[in-house]
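K.L.:
Before we start, here is the structure in question, set down as structure tokens.
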Amino acid sequence: GTQYAVFTYTTNSSPTQQGPFNLTLAGQTIAITQLAGTAQLTFTTQPASGIAGAALAPVVVQVQDSNGNLVSSSNAPVTLTSSPAGINTTVSAVSGVATFSGLVFSSPGNYVLTASCAGLISATSNSFSIANWLYTISGQVPVSGAGIGGVTITLTGNGSPIIASTNAQGNYSL
């Protein structure tokens, strides 16, 4: 009868070549047209720009096969990291889809995200920006129904303090 050789090739690195391949086993060459199971991560919902300290809209990453089709049987753990540093979180895909909700950046700047998972080709997001919060404070200081001018108001935060004084009617704006 016919004899068969069973073999397994395992690697810890992501594949960088695409078929066709030739396998030589015991002097016999076998053509392999496609590697089964080659998978990749893809951002299907890119990160949107946001404000430091506020949650971004959800970012969605899919596990896809080498043809770009959703691998709905995957529950792979997908790790999301940012450059520059700020985000490092992992969620398990559900039916091939990893949804990252509640991502919060504490510092303003321009960022990119990288989605990775052992054995899968990683994905890099489009660049997006995180801006500082904008504060507007206004009000009035009444005393017995009349405003008092000359009251000093100081707003402190991440930058230099902002100082303002009330006008004759007790109004102020920072």
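The values are calculated or read from the model by the stated rules, or taken from the named source; none is laboratory data. It should be emphasised that the depicted structure is a prediction, and the values quoted were computed from it without experimental measurement. Please note: Cβ atoms are built from the backbone with ideal geometry, for glycine as well, and neighbour counts cover all protein chains shown. Just so you know, the surface numbers come from the protein's heavy atoms only, side chains and all, with ligands and any DNA or RNA stripped out. Shrake-Rupley method; radii C 1.70, N 1.55, O 1.52, S 1.80 Å.
K.L.:
Among the listed residues Val94, Val104, Val112, which satisfies the condition of being open to solvent by 50 Å² or more (accessible area, probe 1.4 Å), under 15 Å from Ser129 (Cβ atoms), free of Cβ contacts under 8 Å to residues at least 60 places away in the same chain and aliphatic (A, V, I, L, M)?
P.N.:
Val104
K.L.:
So, one more: Among residues belonging to the range 52-91 that are in a loop (DSSP other than H, G, I, E, B) and within 17 Å of Ser127 (Cα to Cα), point out the one that is most open to solvent (accessible area, probe 1.4 Å). Even if it seems obvious, please write down each step before you answer.
P.N.:
The first filter runs over the range 52-91 and keeps only residues in a loop (DSSP other than H, G, I, E, B), leaving 52-54, 56-58, 66-69, 71-76, 84-87.
Keeping just the survivors that are within 17 Å of Ser127 (Cα to Cα) gives 52, 56-58, 84-87.
Values: Ala52: 9, Leu56: 16, Ala57: 62, Pro58: 67, Pro84: 69, Ala85: 90, Gly86: 56, Ile87: 18 Å².
Going through the qualifying residues, I end up with Ala85.
K.L.:
Shifting gears a bit: Take the range 46-72 and flag every residue that is free of Cβ contacts under 8 Å to residues at least 40 places away in the same chain and either farther than 21 Å from Ala118 by Cα or in contact with a strand residue (DSSP E or B) (Cβ under 9 Å, 6 or more places away or on another chain) (or both). If you could, list the steps in order and put the result at the bottom.
P.N.:
Filtering the range 46-72 for residues free of Cβ contacts under 8 Å to residues at least 40 places away in the same chain gives 57, 62, 64-65, 67-72.
Of everything in the range 46-72, those that are free of Cβ contacts under 8 Å to residues at least 40 places away in the same chain and either farther than 21 Å from Ala118 by Cα or in contact with a strand residue (DSSP E or B) (Cβ under 9 Å, 6 or more places away or on another chain) (or both) turn out to be Ala57, Gln62, Gln64, Asp65, Gly68, Leu70, Val71, Ser72.
K.L.:
Let me ask something else. Out of contact with any His (no Cβ under 6 Å at 6 or more places or on another chain), more than 19 Å from Gln46 (Cβ to Cβ), modelled with pLDDT under 95 and of a type outside the set (D, E, K, R): is that true of Ser92 in this structure? Let's see the steps before the verdict.
P.N.:
Numbers: out of contact with any His (no Cβ under 6 Å at 6 or more places or on another chain): yes; more than 19 Å from Gln46 (Cβ to Cβ): yes; modelled with pLDDT under 95: no; of a type outside the set (D, E, K, R): yes.
It is false that Ser92 is out of contact with any His (no Cβ under 6 Å at 6 or more places or on another chain), more than 19 Å from Gln46 (Cβ to Cβ), modelled with pLDDT under 95 and of a type outside the set (D, E, K, R).
K.L.:
Assess whether Thr42 counts as being surrounded by 13 or more Cβ atoms within 10 Å (Cβ to Cβ), closer than 30 Å to Ala131 by Cβ and either of a type in the set (Phe, Trp, Tyr) or modelled with pLDDT of 95 or more (or both).
P.N.:
So Thr42 passes the test.
K.L.:
Is it the case that the range 101-120 has a residue that's of a type in the set (Gly, Ala, Ser), on the phi > 0 side of the Ramachandran plot, in a loop (DSSP other than H, G, I, E, B) and in contact with a Ser or Thr (Cβ under 6 Å, 6 or more places away or on another chain)?
P.N.:
Let us first name the residues in the range 101-120 that are of a type in the set (Gly, Ala, Ser), namely 101-102, 106-107, 109, 115-116, 118-119.
Keeping just the survivors that are on the phi > 0 side of the Ramachandran plot gives 102, 109, 119.
Filter again for in a loop (DSSP other than H, G, I, E, B), leaving 102, 119.
Among the residues that remain, those that are also in contact with a Ser or Thr (Cβ under 6 Å, 6 or more places away or on another chain) are: none.
No, that holds for no residue.
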